[in-house]
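Step one of this worksheet: look at the structure below.
The values are calculated or read from the model by the stated rules, or taken from the named source; none is laboratory data. For clarity, every value in this text was computed on a predicted model and none was experimentally measured. Backbone-built Cβ (ideal geometry, glycine too); neighbour counts: all protein chains shown. Only protein heavy atoms, including side chains, enter the accessible area calculation; ligands, DNA and RNA are left aside. Shrake-Rupley method; radii C 1.70, N 1.55, O 1.52, S 1.80 Å.
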Amino acid sequence: MIRIGTRILWCWGLLRVWVPDQALAQPWNVGVEVGLSERYDDNIRLVEEPGEESDRVTTLAPRLSVTYEDGADLWAAGYGMTAEWFATNPELDSIGHDAFVKAELGRLFGSRTTSLTFTDDFTFTPQLTDPASGVGAPRSDSWINAVLLTVSHQSSARTTERIGYANTISRYELPTLIDHVVHEGTAGVTRVASRRDTLGARYRFRYFDVLIEGVESAVDHTVTVEWTRQLSPSLTLTIEAGAERSRQSRNQSTEPVGTVRLAKRLKTLSIDAELSRDIALAGGLSDQLSAAHTASLGASYEVTAKLHADARARMTDNRSVVGGEVDVTSWTAEAGLSYAIRTWLSADIRYYRFEQLAQGAAGEDLVQNRYVVTLAWTLPDE
C-alpha cells in the first residue's frame, strides 16, 4: 500500500506542475485524469496451456489533453501513459504510451457547407490489441499508428457527401506476428429521405501491404448501401449490405459484407445488438485476408445518478477467404459497476473473460479471466 500511495502522490504532483491552478481562459480547455487500478489476471502472457501464469498487476495511467475551439474550428492533442507493475513477474513491468492530434475545420476554405476532420492516433503497448477485438495473440511490443482524413460537403439540407482516406501502420516485436500497412479510401453519400428514414451508399478501396519479403499484398473493392430507420423515438434500426471483391496473389473472391444494428435508448437503460461481416487481416496472425463474422450484445443501466452498470458479450469468427490458415473463434464477456464518489473521483469494478478456439495454423487456444478495480481522478475546473 505504501508503494501504491507513493505513486498516487507522485503522479498527482506531476499533474499539478503541468496544469496551472486557474483553468485556462476560453477557448482553451485542459483535461487531466489519472487512473489507478489493481487487477488479477490468470493468463498474463495470453498463451495456451500449460504456459498460463497468473499475477496481480498495479496500473497507473495519467492522461493529459488540450483543446482549442474557435467558432466552427477545433484543435486538440493529448498524451497518455500506462505504467504496469507485476507482483511476481517484475520482468514484465512496462510503460505504454498513446497520443493523438485532432483538427476539425467546420468551414473549409470559408464554405459553410464543407468541413474537414483529421486525426492521428499513436499507440505503443507491450500487450497486443485488446482481445475484445476478436483475436488474441501472445504478449508482444506493438506499435500502431492510425491516420484518418475526412472531407464532408452538405450539398442540400438533406444530402451530405463524404470522401476519406485512412492509413494504419501495425508493427510487432514478436517475429511470428505480421507487420502490415493498410491504405483505405472511401467515398459516400447520405440522404435524409424522411423524418424517420436515412439512406446512404458507399464505395471503399483498400490496399493491404504485408511487410514480408516474398508475400504479395492484397487489394479489395467494396460497395454497400445503408438504410437507417427510426422505428420509435427510442428504437433505431440500421441495415448495411453489399459485396466485396478481393484479390491476393492469384486468388480472387467476391464475398457478401454488411451490418445489422438495433439500438434501444431509454431514460436509464441503453441496449444495442449487432451482427456484421467484413474482410480484413486477422490481427497480425496471418498474411491471408479473412472473413470476420461478429455478433455482439450490450447494455448500460443507470441504477442511480451516481451508480452505473454495464455488460457486453461478443462472439467473433475469423476464417481465411482463400486457404485455411486462419480459423479462429473467440468469445468475450465483460460486466462492471461504476460509481461517482465525487465529481472529481470515480470507482469502477469490472470482470472480463476472453476465450479463443483456433483450428487453423494461425492462433492458439486461449482462456483469460481478469478482475479489475480502478480509481480515477479528474482534475476539476477552478
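Of the accessible area of the chain, with the probe set at 1.4 angstrom, what percent is carbon plus sulfur?
Here carbon and sulfur together make up 59 percent of the probe-accessible area.
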Net charge near ALA72 (other residues with Cβ under 15 Å of its Cβ; Lys, Arg +1; Asp, Glu -1) is -1
So how do TYR68, TYR79 rank on accessible area, 1.4 Å probe, biggest first, that is with the largest at the start? TYR79, TYR68
Please give me the summed charge of the neighbours of LEU108: other residues whose Cβ is under 15 Å from its Cβ, Lys and Arg +1, Asp and Glu -1. -1
Keeping every protein chain present and rolling a 1.4 Å probe, give me the accessible area per residue for the chain in Å². 53
With bins of 10 Å, the percent of all Cα-Cα pairs of segment 141-295 per bin from 0 is 10, 30, 33, 20, 7, 1
Roughly how many Å² of TRP344 are accessible to a 1.4 Å probe, to the nearest 10? 100
With contacts defined as alpha carbon pairs under 8 Å and 6 or more residues apart, what's the relative contact order of the chain in percent? 12
Ordering LYS267, LYS306, LYS102 by how much accessible area each has at a 1.4 Å probe, largest first, what is the list? LYS267, LYS306, LYS102
Could you state how much accessible area ILE271 has, in square angstrom rounded to the nearest 10, with a 1.4 Å probe and all protein chains kept in place? 70
